[in-house]
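Heads up: the structure comes next, in structure tokens.
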Amino acid sequence: MNDTTSPASTSPVEVKKLSWLAALKVYLEPASWRMLCLGFSAGLPLLLVLGTLSFRLREAGIDRSTIGFLSWVGLAYGFKWVWSPLVDRMPLPLLTRWLGRRRSWLLLAQLTVVAGLVGMALLDPQVALEPVVWCALVVAFASATQDIALDAFRIESADAQHQAALAATYQTGYRLAMIWAGAGVLWVAARVAGADTTSYLHGAWQTAYLVMAASMSLGVLTVLLSPEPAQRDMPPARHAAEWLRGALVEPFAEFIRRYRWQAAIILGLIAVYRISDVVMGIMANPFYVDMGYTKDEVAAVTKVFGVIMTLLGAFIGGVLSMRLGVMRILMLGAVLSAITNVLFAWLATRGHDLTALVWVISADNLASGIASAAFIAYLSSLTNVNYSATQYALFSSMMLLAPKWLAGFSGVYVDAHGYEAFFSGTALLGAPVLLLVWLASRVLPLVHPVPSDKAQD
């Protein structure tokens, strides 16, 4: 894997299988280490505007229905395909000449995330909730923009053979950031709060969020020190209409032309693959608060131990995807995700049971890591390098739109039916995924990859 390779877009079923030793050695290459650091930068903002924020808001006395609706802040990730063509094609004054197209957008997005996190730190949701929500929207929008540029950066940094490894190291960095943005922020807040472990203290959360803002410096430094991946030179547009067609229309039209009627099955699978986890995840932190778990308990079990299990799952998923094929691991991940949500329904009957929490979190996060690594590799294999940012943004946006919209009603459902029924219901949401994975595995062998003369320089 090198930094100047432009990957061809191929079907995941057509990627040559590596030996076990070769598959493991990929993780030691420089591109994998860079993706580890950039994955950390991508993963840090997500919990701070969704999961951790829901814990903070519940502790501040905000009701569950409001918290559920506020999860719609995450829809910024679901609509990032709208502005992804601009990130894919439009240069930034001064920055693009200095850093290149991908790194300039990465740096701008990261600095905007920092500004939004500082605003969330300084504002108190108990005094005024709306300004906190606006700052969260800024963070979500900038984080989604970072994802667009980073996905293109990752896809353009290696050939299709190595995308599963980059997906796994990206997930590792992402999950390490989630430890820090989940357990770390709770740990910092708990240390500042001192002996008061259950009451809401704005000063404690303020310090914690400022520390998170400073942690984005790892991503900033990685962007500044990384090489810009080689990119295909686009012919200059003769007029604005031609530029708009190339930037806005052609990435989507090319995907439909390439996959024809199979595109409907592929897009359907993308739209629902993570629905069980996403819908369930919004109520996870309010659930921990309502079950009486302290910040330190949640930090240690769900945010540290759980994420370590996710890292293990991501590593296993990446290796198995390269060895056994992406589609088989997609099916495995779908089955495991539904089963582990049933375990949360069982946990809801246990009250404050720390041992049970450890076992459920272990199983859930291991399953999530396996599913995520395979799913990212699958999405990456669907893109054409000429439109990598736009097409991947379309795929990852579709992955979140329906789940995030449905998750907005999660608090209302819990208030009406309780946590046990809610977690059982999210498990049932995964049933259609199994059929779509099977159908996608049947039709993808019929799909031909982009010809090599069009897919690489």
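Details
- 37 °C / 0.692 mPa s Stokes-Einstein diffusion coefficient of the range 47-179, Kirkwood radius on C-alpha pairs, µm²/s: 202
- Listed values for the range 34-41 are Karplus-derived 3J(HN,Hα) couplings in whole Hz (6.51 cos²θ - 1.76 cosθ + 1.60, θ = phi - 60°), namely 5, 5, 4, 5, 6, x, 4, 5, and x replaces Gly and Pro.
- When Rg and the Kirkwood Rh are both derived from Cα coordinates, the Rg/Rh ratio for the range 272-387 amounts to 1.04.
- Distance (nanometres) between label positions extended 7 Å along Cα→Cβ at R328 and D290: 4.1
- Dipole magnitude of the range 244-300 about its Cα centre (Cβ charges: Lys, Arg +1; Asp, Glu -1), debye to nearest 20: 520
- Gain on full stretching of the segment that runs from W405 to D124 - 0.36 nm per residue minus C-alpha separation: 98.6 nm
- Among the chymotrypsin sites (Phe, Trp or Tyr not before Pro) within the range 258-350, those in coil by DSSP and having at most 10 neighbouring Cβ atoms inside 10 Å are W261.
- Counting every C-alpha pair in the range 344-384, the share spaced more than 16 angstrom apart comes to 51%.
- Derived scalar couplings ³J(HN,Hα) [the range 81-90; Karplus, 6.51 cos²θ - 1.76 cosθ + 1.60; whole Hz; x for Gly, Pro]: 5, 5, 9, 4, x, 5, 5, 5, 10, 7
- Here, the range 376-434 yields an orientationally averaged convex hull projection of 5.0 nm² when only Cα atoms define the hull.
- Sorting 323-332, 219-228 by their mean Cβ neighbour count within 10 Å, with the most densely packed peptide first, gives 323-332, 219-228.
- Compared with the direct C-alpha span, the chain from V192 to L434 gains 82.5 nm at full extension, assuming 0.36 nm per residue.
- Take the Cα of L94, step 7 Å toward its Cβ, do the same at H202, and the gap between the two points is 3.5 nm.
- Calculated from backbone phi, Karplus (6.51, -1.76, 1.60) coupling profile of the range 394-408 in Hz, x at Gly/Pro: 4, 5, 5, 5, 4, 4, 9, 4, 5, x, 5, 5, 5, 5, x
- At R0 = 35 Å, FRET efficiency that the Cβ-Cβ distance of L354 and L224 yields, to 0.05: 0.25
Values quoted throughout were computed directly from the atomic coordinates according to the rules given, and no laboratory measurement underlies them. Quantities reported herein were computed from a predicted structural model and do not represent experimental measurements. All Cβ positions, even for glycine, are placed from backbone atoms using ideal geometry, and neighbour counts span all protein chains on display.
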